[in-house]
Ligand SMILES: Cc1cc2nc3c(=O)[nH]c(=O)nc-3n(C[C@H](O)[C@H](O)[C@H](O)COP(=O)(O)OP(=O)(O)OC[C@H]3O[C@@H](n4cnc5c(N)ncnc54)[C@H](O)[C@@H]3O)c2cc1C
C-alpha cells in the first residue's frame, strides 16, 4: 500500500525503478509516445480509483485513464499529472434471464464475448482480441453485428463513474442523465473514470460465419465501384468490408480481400443474403472465393488478428464519407500506389447507418468508413512509415464528413468526431462534472 496516496495498488513516480516498464506496459502500440506522466497508479479496485482521483484533486494535477491501452495514439500517456491504469477492474457478471451484464472497464471484449457465448448470449464486442471495453464503449464501439445492434455504446444502459470531485455516481437515462449521454461517445475526451458498465446483452445469432473473395490490383477500380454500388443494399446482418494489403491470399503484390461476416438466424438466410457476392459479375475475377463458411467467432477473430499483430509499431488515421466513388477514386489510387509493406493495410467498411439513433454524444458516422494502418517493426523505420495514414487522409479530407474515435489520430490531424452541437453540449457537461478540467481532453483540441 502506498500510504501517501492511500492506494492498495502499485504506484510509480517518475524516476522510480519500474516507472518506465509500467509506462510502456500501458501501451499496446509499441510506438510509445515521448510523454511522461509524473505518477502512474495501477488501481486494484474502485476504491483505489477514488483515492487516486481525490489525491490528484488535492495535488491540482490532471488525470489520464487507461483500460486496455489500445488507443493507437496513446491518448492516456500525457506529460505530467497522473496516469490511472484501471485494467485490473475486470469483473464480469451476467444475468442471463434479464439479458443484462455488468463489466469492469479492463475486461477484453473477446473475453466478454466468450463468457456470454457460454450462456448463449451475445454482445457487439470489437473485432480484435485484447481491446478492452473501457475505451471501446466510450468511443462508440464498432463490433460484431454492430450494423444491426448499433455501435456498442447503444447497449450501455448505465455507467458507474468516479467524477472529478472524487465521488462515485451512477449515470443512466434517469440519474445523472447528461453524464450518461456523454459516456456514450465522448471516447478519449471523457471527463470521469468509468469503473463499471451496465450492458444490455442479446440472444446469440444462430448462424455466424463469413464469405470472402480476393482480387488482384488489376480489378481495383471495378471492385471499388461494385462495393460502393451494392453497399446500401447489403442486409444489416452482413458486415461488408474490404482489406487492401500487399499480402493477400492468392495474389502477388497488392490485393484486395472482400470479406463479409454474417450474423443470421438460419443457414438459408445466410446463403440468401450472400447472393450479392456469390452471384456478382466480379466473382469470376476472384483469385479465391469462399461462398460461405459457418465458422463462429473464433476464426473471425483469428482472421482480423493477422492484420493487427502484437509487438509492432502502428500509425493510423481514418475518415467517414458518403462521397461518390468517382470523387474518391483519385485518393484511393494514391493509397494503392503508396501502400507500405504488410501488415500495413487499408480498411473499407460498409456502414450505411439508419437515419435515427438514440440521443447520445456519439453522432459522427456515414455510409462508408475508410481507415489506414501503417504497421512496421523497428523504430529506425519510423520516419519512413509514420506519416502515410495522415498524409493520405489529408489528401482526401475534402470528401470526409468526419472521423471515428476508434482509430483517432487527433493529435496529428484534428477532425470532427461528433457533430458541432454535440461537441458544444459535451463542453457544457464537462463544465458541470469537471469544472477544474481534472481530466485530459481530446488531443489536438486546445
Ligand atoms: C488492434 C486494435 C483493434 C481494434 N479494433 C476495434 C474494433 O473492432 N472496433 C472498434 O470500435 N475499435 C477498435 N479499436 C479501437 C479501440 O476500440 C480504441 O482504441 C479503444 O479506445 C480501446 O480501448 P482500450 O480500453 O483498450 O484503450 P485505452 O487506450 O485504455 O483507452 C483509450 C482512451 O479511452 C479513455 N478511457 C479508457 N478507459 C476509460 C475509463 N475506464 N474511464 C474513462 N476513460 C477511459 C481514455 O481517454 C483513454 O485514453 C481497435 C484498436 C486496436 C489497437
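The values are calculated or read from the model by the stated rules, or taken from the named source; none is laboratory data. Remember, predicted model here, so these are calculated numbers, not experimental data. All Cβ positions, even for glycine, are placed from backbone atoms using ideal geometry, and neighbour counts span all protein chains on display.
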Selection within the stretch 140-168 - within 13 Å of the ligand (Cβ to nearest atom), within 30 Å of residue 59 (Cα to Cα) and surrounded by fewer than 24 Cβ atoms within 10 Å (Cβ to Cβ)
160, 163, 164, 168
So is residue 72 within 12 Å of the ligand (Cβ to nearest atom), in contact with a strand residue (DSSP E or B) (Cβ under 7 Å, 6 or more places away or on another chain), on the phi < 0 side of the Ramachandran plot and not in a strand (DSSP E or B) or not?
yes
Starting from the stretch 187-214, keep only residues that are under 24 Å from residue 116 (Cα atoms) and assigned to a loop (DSSP other than H, G, I, E, B), then list their pairs with residues that are within 14 Å of the ligand (Cβ to nearest atom) and modelled with pLDDT of 95 or more whose Cβ atoms are within a distance under 8 Å, requiring at least 6 positions of separation or different chains.
201/123; 201/155; 205/145
Hey, among 370, 405, 426, which residue is more than 22 Å from residue 317 (Cα to Cα), touching a residue at least 24 places away in the same chain (Cβ under 8 Å), within 15 Å of the ligand (Cβ to nearest atom) and not assigned by TED's automatic domain parsing to the domain that holds residue 58?
426
Among the residues of the stretch 341-359, write down those that are in a loop (DSSP other than H, G, I, E, B) and surrounded by fewer than 21 Cβ atoms within 10 Å (Cβ to Cβ).
341, 342, 343, 351, 352, 353, 354, 355, 356, 357, 358, 359
Considering each residue of the stretch 9-33, count those that are in a loop (DSSP other than H, G, I, E, B) and either at pLDDT below 95 or over 25 Å from residue 166 (Cβ atoms) (or both), and give that number.
10
Among 137, 199, the single one that is more than 30 Å from residue 267 (Cα to Cα) and either within 12 Å of the ligand (Cβ to nearest atom) or in contact with a helix residue (DSSP H, G or I) (Cβ under 6 Å, 6 or more places away or on another chain) (or both) is 137
Scan the stretch 189-219 for residues that are at pLDDT below 95 and either in the same structural domain as residue 68 (by TED's automatic domain parsing) or in contact with a strand residue (DSSP E or B) (Cβ under 8 Å, 6 or more places away or on another chain) (or both) and jot them down.
217
Of all residues being more than 12 Å from the ligand (Cβ to nearest atom) and closer than 13 Å to residue 85 by Cα in the stretch 22-36, which is surrounded by the fewest Cβ atoms within 10 Å (Cβ to Cβ)? Just the residue, please.
24
